[in-house]
Structure formats: structure tokens, C-alpha cells
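A quick write-up on the structure given underneath.
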Amino acid sequence: MNPKTLFSFFPKWRTLARRALPFLLPATVFALWLYITGTTVTETNVNGETFETPLINPLFLPHPLTVLAGFGELWRDQLWLDFRISTITVLRGYVAGATIGFTTGAACGLSRNVESALAPTFNTLRQVPGLAWLPLLILWFGAGASGKTVLIGLAVFFPVFLNTLQAIRGVGHEYIEVGHIFGYGRLGLLRRIVLPAALPGIFVGLRYGAGVAWAVLVVAEMLGARRGLGFLLMRSQEMMHTNHLFVLIFLIGGVGFSLDYALRRVERHLLRWKRGFEG
Amino acid sequence: MSTQSFSTAATVSIRNLSKTFAATGDAKKNKRSANGDGGIVRALANINLEIAPGSFTVLVGASGCGKTTLLRIIAGLETADADGGFALLDGAPVRGPGPDKGLVFQDHRLLPWLTVAANVGFGLENLPAAEREARVAHYIALVGLNEFADAWPAQLSGGMAQRAAIARAIASRPRILLLDEPLGALDAITRLRLQAELERIWREEQITVVMVTHDVEEALYLGDTVVVLSPRPGHIKHIQPVAIARPRERESAVFQELRRQLLEELELRSHPAGGDTAAYEI
């Protein structure tokens, strides 16, 4: 396109507008929040004195600046240590659960015998919601991080296991034949054909598992822990530090987003060959 | 002649080859019509065929005549019946698929997670990197895909994908190139163009080619020999040498006369319409 024509400006405007679109909703909500918490109403008490009072009780909805101050308070109260223990626990549990889920899923996908030996048991255990294991795990491991690592491992294991198994089973015979024609043995077929072909399905499990892991951890910390972001949530509520609740919710959302974003970047890179299909 | 030409184009001998499929089950075996013979389908019966090194042989026949099965047996993807003869490659029985037998399918079967260049180099993993790259570049140039070496298969048109599949099949320097209706899914214009390309590649690479097609004109344009197969059970009905000078003119009288004869062999002339011809859908 000729950059000197008037119309060539329009595509630029359009891309700019499209880039800005995702920020429209959060910006509106934030503006509304600022407005509501910044508005006061005049009330008269029994003595006939008038005074200014916030439209909404700050106990329910604190001003953004109060939330910012709440971050400072939490930080001085060693928020970093709670943040660290939560993220490290979730990463450890995730890596363990995903690794075991992937290997057993792949083994079951590659061998009907292994599947017959393992899959029925796993499918039965899968019916137990992850958090139902928590009381038992606290009994065994205490309220510390190790029990929660196991819990997250369990919660991540099942989606990764199941999706890996399905993905490997779904690899088309026509690609296996291509591997045969070029003389690849079992290991070569696995490395050059089966795993790359199954990767999109495997990533479905990995990303789903990441979301589950973080959710399970935060709830587990709320139910029984002495540290961590979930524990801080419960403590802040009991102490009626609503602004701390907001800080923690932002933080928890941020970690969840970052986990998913990191996985999405890896997926985009590894599955870049698929972009042609998805437009 | 290309300096990278094949010094070892193979002789193929098919000896008393028979193949039966169980009629039930496996949908991948493309023979479905049972012939009432105790639940089995005789896909091929007593096939004998000698294919000279460096020649271009075309198998034609109605669907269900076993031409694809024959090709897959030569490729080593199917085995003949235990007592049903063999396919020999330079005198040695075919024991299974391998890089000495290049195969192009009707669907291109490029691996979608590899670029065109990586697909072409797929069978060359054991070569040193420099040699592999040179080989890949040579074959990509041979099929005219230089500008698409780094493209993903999903970005290619049907014709380009099939060119890449041909390059992949011959990059590992097989002794024989097997083509299973490689142009069957392409539009008419691309098809004519690729027929000429195939002839050029065959000439430059001096390789033994066996091709399956249901297109009589394509068979006559490309083949040194056209083998007509007939179904129930699949057997060789006629072997037609094509002694027309290349490149062949499809409009020439001798071409048209051979075409008429072949269609007759395929019984497309004697049953011009309706009823039975449905079974000879070509």
C-alpha cells in the first residue's frame, strides 16, 4: 500500500483500536471504582450536625489508594515470604504432577497392557475431587507445604494423564506409516512422529492442569495452612482488612495469569506450525 | 545427467503374488467387498510382473482391483499371503518398509509440525548436517519449491504439498519410487503440470518408478509400460508397452488409439453407461 495516501492511516487506527480494546473493560471498572469510593454524601445526625460520609462503607469497598497502602502494610508484614511459599509449592506440585501424568499417560497411550493395568484405577480415583484429599494429607504431612505439593501433584496428574493418553491414541496411522517408510524404529517413531503429533493434545492437559493447580493451592491454604496467600486471605478477612483482601486477590490473579501466559508462550512456540490452521 | 543421479535403480520382480484379506474388521485394508469365499477377499491372485531398472511402470484398473495393495506390498507396508509368492527388489524379497523404497501417497502426508525443508530431510537423519542440507536443497530445487523451504505444510497448496512429498520420497535416494495416485486429489490444470514434472524428475533422477493411477491418459503420458489390473480377484489382465517418443502429445493419433484400446481393456467401452459400469468406476 502507498503510505502517502490518506486511506493508509485507517488500518493503523484500526490496529491501534484493536490493541486498546482488551483494556477498555478494566479501565471502565477502575474508573467506576475510583468514582464510587471517592464520592461522599452529606448526612445529618440527631443533633442536627451535618457531615460528609462515603457513599459506600470502606469496609466493603476501600478506595484504590487504601488498597495501595494495604500492599505496603502487607509487604512490611513479610508478604514476600507468603508469596514465595505459595508459588514455589505450586510450581513443585505442578512439575511433579505433570511429569508423572505425562509419563504414565504416554506409557498407557503406547501400550494397551499398561493402560489395562493402570487406567481403570486412575479413572476411579479421578472421581475424588482434589480437595477431598486435603484432610488426609494434612493428617499425614501436617499443615505445611509438603502435603500441599502432593495435593497439587494429584490435581495436575489426572488432566495431564488423561489428555496425554488421548492425544497419543489420536495420532493418525497415516503419519506412523510415513515413519515406517523412512525406516524409523520404535524410539524414532515416538520421538519424530508420535510426540510431535500428540503435542497439541498434551498441551490442553498441561494448561488445564496449571489452572487447577493454582486454584487448588489457594483453597487448600485457606482451609489449613500457617503461611501462603490463601492463608493471608482468611486472616485478612477475620481482621476485616478489606484492602488486604483486594491486594491478595490481585496478586493471586496475577500469578494465575502469569502461569497461563508462560505456558501459552511455550505452546505458541512449539505449536507454531498450527497457526496456519487457526488463522 | 544430474551428478546426483541414481546409480542403483532397482529391478522389481513380482512372483506368483497372492494376497487375501479377512473381509471383517480392518478398515485400513481397502478391500471391502466380500466375494462369498468364506469371509475372505482375494485382493490379488497370482500376479507375475518384471519391472526393468529405470523404467516407468503404471498400474491402472477399476477400484477394488488391488493396484494399491500391490504397490503397498512392493513398499513393504503389506505382506503377501504366507504361501502367496513374493515381491523381489533386485532379487531380494521385500521384508518391510524402508528408505530404499520411496512412497508418495494420494494425500501428501507431509508432517505438519515440520517445515518443507525438514519434511524433505525427514529420511536423512543419519547424514552429516552439511550433506543433509545440500541434499535437501537439491531436491527442493528439483521440485521447484525453493521459496517455500521454510514454509509449513499448512501454508502450501495441494500441488505444492505433493511436490514436497515427491521431493521427500526421493531425497533418501531410494532404489524405487512408488506413487500411489499422487495426483489424484489435484485439480486438472495442476495435474497436467505435475505429470510433466514427474516425467522430468524421473528422467533426471534415473529411478525405477511404479505408479498407480485411475487415469488412463496419465498412464499413457508417463508409462513405459501400462499394466491393466482386473478385480475379483485382482489379476493382470493386460500389459501394454507404450512405445511413443517423449514428451508425448496427448492429441496424437497413436496416443488416442492406445487410449481407446486401454479403455476397452478396462471394459469401459463395451459397457458405455449404466448398470455394470458402476463397478468399474474409474
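The values are calculated or read from the model by the stated rules, or taken from the named source; none is laboratory data. Computed from a prediction, not measured in an experiment: that's the story for all the values here. We place every Cβ from the backbone using ideal geometry, glycine too, and count neighbours over all the protein chains shown.
Key figures for this structure:
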quantity	calculated
Subset of the range A:187-209 (residues that are more than 10 Å from chain B (Cβ to nearest Cβ), crowded, with 20+ Cβ neighbours inside 10 Å and among the aliphatic types (A, V, I, L, M))	A:V194, A:A198, A:I202, A:L206
Lone qualifier among A:L217, A:L263, A:L199 - being over 13 Å from the mean Cα position of the chain (by Cα) and either assigned to a helix (DSSP H, G or I) or modelled with pLDDT under 90 (or both)	A:L199
Which numbered condition A:M234 fails, given (1) away from chain B (no Cβ under 14 Å); (2) in a helix (DSSP H, G or I); (3) crowded, with 19+ Cβ neighbours inside 10 Å; (4) of a type in the set (A, V, I, L, M, F, W, C)	(3)
Lone unmet requirement of (1) over 22 Å from the mean Cα position of the chain (by Cα); (2) of a type outside the set (K, R); (3) assigned to a loop (DSSP other than H, G, I, E, B) for B:A137	(3)
Within the range B:163-249, strands (runs of 3 or more DSSP E) holding 2 or more residues that are surrounded by fewer than 22 Cβ atoms within 10 Å (Cβ to Cβ) and of a type outside the set (S, T, N, Q)	B:235-241
Per-region count, the range B:118-144, residues more than 10 Å from chain A (Cβ to nearest Cβ) and buried (at least 21 other Cβ atoms within 10 Å of the Cβ)	7
Leading residue by the ranking (nearest to the other protein chains (Cβ to nearest Cβ)) among those in the range B:90-117 that are farther than 28 Å from A:K274 by Cα and not in a loop (DSSP other than H, G, I, E, B)	B:K101
Only one of B:E199, B:E218, B:E181, B:E267 that is modelled with pLDDT of 90 or more, closer than 24 Å to B:V41 by Cα, in contact with a helix residue (DSSP H, G or I) (Cβ under 8 Å, 6 or more places away or on another chain) and not polar (S, T, N, Q)	B:E181
Test result for A:L270, within 14 Å of another protein chain (Cβ to nearest Cβ), within 30 Å of A:P196 (Cβ to Cβ) and at pLDDT 90 or above	yes
A:Y184, sole failed condition from (1) of a type outside the set (A, V, I, L, M); (2) away from chain B (no Cβ under 14 Å); (3) in contact with a helix residue (DSSP H, G or I) (Cβ under 7 Å, 6 or more places away or on another chain); (4) not in a helix (DSSP H, G or I)	(2)
Residue list for the range B:205-242, filter: of a type outside the set (A, V, I, L, M, F, W, C), out of contact with any strand residue (DSSP E or B) (no Cβ under 6 Å at 6 or more places or on another chain) and closer than 16 Å to B:R260 by Cα	B:H214, B:D215, B:E217, B:E218, B:Y221
Members of the range A:202-247 that are of a type in the set (A, V, I, L, M, F, W, C) and free of Cβ contacts under 8 Å to residues at least 60 places away in the same chain	A:V204, A:A215, A:M222, A:L233, A:M234, A:M239, A:L245
Meets criteria (in a loop (DSSP other than H, G, I, E, B), more than 13 Å from every other protein chain (Cβ to nearest Cβ) and under 23 Å from B:D224 (Cα atoms)) for B:G54	yes
Pair list, Cβ < 6 Å and 6+ apart or interchain, from the range A:170-181 residues that are more than 7 Å from chain B (Cβ to nearest Cβ) and closer than 11 Å to A:A198 by Cα to residues that are part of a helix (DSSP H, G or I) and of a type in the set (A, V, I, L, M, F, W, C)	A:V171/A:V194; A:V171/A:A197; A:V171/A:A198
Pairs where the first residue, in the range B:205-231, is more than 18 Å from B:L194 (Cα to Cα) and the second is of a type outside the set (V, I, T) and in a helix (DSSP H, G or I), C-beta under 7 Å, 6+ apart	B:V226/B:A219; B:V226/B:L220; B:V226/B:L262; B:V228/B:L262; B:V228/B:E265; B:L229/B:K67
Tally of residues being among the small types (G, A, S) and within 12 Å of another protein chain (Cβ to nearest Cβ) across the range B:162-183	4
Close pairs from the range B:134-146: first without any contact (Cβ under 8 Å) to a residue 12 or more places away in the chain, partner surrounded by 19 or more Cβ atoms within 10 Å (Cβ to Cβ), Cβ under 8 Å, at least 6 apart	B:N146/B:I140
Residue in the range A:98-121 that is of a type outside the set (D, E) and within 14 Å of chain B (Cβ to nearest Cβ) present	no
Output for the range B:65-89, where each listed residue is surrounded by 23 or more Cβ atoms within 10 Å (Cβ to Cβ) and in a loop (DSSP other than H, G, I, E, B)	B:C65, B:G66, B:A80
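So that you can scan it fast, the table gives a plain yes or no per residue for (1) in contact with a Pro (Cβ under 7 Å, 6 or more places away or on another chain); (2) free of Cβ contacts under 8 Å to residues at least 24 places away in the same chain; (3) surrounded by 11 or more Cβ atoms within 10 Å (Cβ to Cβ); (4) outside any loop (DSSP other than H, G, I, E, B):
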| position | (1), (2), (3), (4) |
| --- | --- |
| A:F51 | no, yes, no, yes |
| A:I56 | no, yes, yes, no |
| A:F60 | no, no, no, no |
| A:L65 | no, yes, yes, yes |
| A:F71 | no, no, yes, yes |
| A:W75 | no, yes, yes, yes |
| A:D82 | no, no, yes, yes |
| A:T87 | no, no, yes, yes |
| A:R92 | no, no, yes, yes |
